[in-house]
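One structure is given below, encoded as structure tokens.
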Amino acid sequence: MPNREMLENRKHSTAYIPYSFYECRIPEFYLNVPMHWHDEFEINRILRGRGEFICGDAKLTAGEGDLLVLPPDTLHAAYPCDGSALIYQAMVFSPIMLGTNSNDRCTIEYIRPMIKGSIRPEPLICPASANYAELKASADRIFSYSGLPEPGDAAEAGKDTFHTPSPREDLLLKGELLHFFGLLDCESAEGMNVDGNGRTRDTVSYTEMIRPALEFMVENYRENISVDELAELVHLSKSYFMSCFKKAAGTGAIEYLTQLRINAACRMLTDTALPVSDIAYSCGYCNLSNFNRQFRKLAGCSPKEYRRSRD
């Protein structure tokens with residue numbers, strides 16, 4: 001279980017309204033969505049383009065019409081494929097929406113084990129998946145309460161557009177979520193690690209092995225961080241740590257640190273009027289030329305050009 005102080009800072013839900021909807025446009029809003037986690041469920045609906053998604057130990061490619069389902073505390077990330085635009089909508093919601101305070105059979109034997117990870121839904125739902133048509137229709141109904149544009153709508157979506165449904169619509173939304181999760185095809189996590197002869201497979205969760213390093217990087221990306229320091233933090237040799245990190249995150253540790261820094265710089269360029277040099281320093285760069293070079297490599301333009309495009 002991750003350190004609770006290191007969870008994603010964003011507040012997705014409250015006790016009064018235990019969910020939020022978002023639209024993510026890569027690279028229009030973000031260059032990518034680096035590895036992170038939160039203690040809520042998440043459903044993603046891909047509207048346009050294709051993306052590479054990391055969901056726990058799974059690395060998936062998803063495109064228009066696909067859905068992604070993430071239980072609480074699942075490490076996940078999103079990157080566009082081949083530099084193309086990726087647009088998807090997300091609903092992030094507290095487990096309480098699924099009635100976790102109840103003590104009925106479905107909660108005890110299905111919902112709570114899913115939260116704890118002892119049973120797992122297949123993260124990618126695509127046309128080849130069981131119950132795809134019903135799940136897609138259910139997801140479309142779920143997102144119809146969001147106020148976000150539907151696929152094909154002419155209206156331009158604004159960043160983090162969110163329409164708060166009425167209390168009555170909350171009830172309908174909760175009912176549709178229960179319907180959606182009732183349709184999901186879940187497997188026992190223990191059963192997934194057993195081979196055809198009933199022997200337990202020797203499995204390694206690379207995401208769990210590097211989670212302390214990810215926590216440290218998210219909190220301290222402004223500081224000078226070395227691979228040796230990260231490897232020592234998770235009690236692995238440097239070479240084995242680098243291998244585990246690449247398998248879990250899909251990129252090297254230093255590349256991931258650069259993504260954290262440049263994404264933070266993009267937010268500051270959009271949301272503040274600070275000089276580029278101050279932003280570079282705030283994001284962990286002591287050398288402005290290096291910052292400009294790394295920024296152009298990831299964003300495809302200079303920091304000043306990026307800021308002008310957001311005005």
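Looking across the stretch 28-65, the residues that are open to solvent by 20 Å² or more (accessible area, probe 1.4 Å) and either touching a Pro at 6+ places or on another chain (Cβ under 7 Å) or charged (D, E, K, R) (or both) come down to Glu28, Asp39, Leu47, Arg48, Gly49, Arg50, Glu52, Asp57, Ala58, Lys59, Leu60, Glu64. Could you please give the count of residues in the stretch 254-299 that are under 21 Å from Ala85 (Cβ atoms) and in contact (Cβ under 8 Å) with a residue 24 or more places away in the chain? Residues that pass the stated criteria total 10. Yes or no: Arg261 more than 29 Å from Thr61 (Cα to Cα), charged (D, E, K, R), surrounded by 16 or more Cβ atoms within 10 Å (Cβ to Cβ) and in contact with a helix residue (DSSP H, G or I) (Cβ under 9 Å, 6 or more places away or on another chain)? Judged against the criteria, Arg261 is not a match.
Under the condition of being closer than 21 Å to Lys174 by Cβ, open to solvent by 30 Å² or more (accessible area, probe 1.4 Å), of a type outside the set (Lys, Arg) and modelled with pLDDT of 95 or more, the residues counted in the stretch 100-157 number 3. Look at (1) open to solvent by 80 Å² or more (accessible area, probe 1.4 Å); (2) of a type outside the set (Gly, Ala, Ser); (3) without any contact (Cβ under 8 Å) to a residue 12 or more places away in the chain and you find that Asn220 fails only one, number (1).
Just to be sure before I move on: is Glu42 touching a residue at least 40 places away in the same chain (Cβ under 8 Å), more than 10 Å from the chain's Cα centre (by Cα) and either more than 24 Å from Arg267 (Cα to Cα) or not in a loop (DSSP other than H, G, I, E, B) (or both) in the structure I sent? Considered against the rule, which asks whether it is touching a residue at least 40 places away in the same chain (Cβ under 8 Å), more than 10 Å from the chain's Cα centre (by Cα) and either more than 24 Å from Arg267 (Cα to Cα) or not in a loop (DSSP other than H, G, I, E, B) (or both), Glu42 comes out as no.
Exactly one residue among Thr107, Thr74 is within 26 Å of Tyr16 (Cβ to Cβ) and free of Cβ contacts under 8 Å to residues at least 12 places away in the same chain, and that residue is Thr107. The single residue among Phe245, Phe241 that is touching a Gly at 6+ places or on another chain (Cβ under 8 Å) and in contact (Cβ under 8 Å) with a residue 24 or more places away in the chain turns out to be Phe245.
The values are calculated or read from the model by the stated rules, or taken from the named source; none is laboratory data. For clarity, every value in this text was computed on a predicted model and none was experimentally measured. With ideal geometry, Cβ positions are generated from the backbone for all residues, glycine too; neighbour counts draw on all protein chains shown. To get the accessible areas, we keep the full protein, side chains included, count just its heavy atoms, and leave off ligands, DNA and RNA. Shrake-Rupley method; radii C 1.70, N 1.55, O 1.52, S 1.80 Å.
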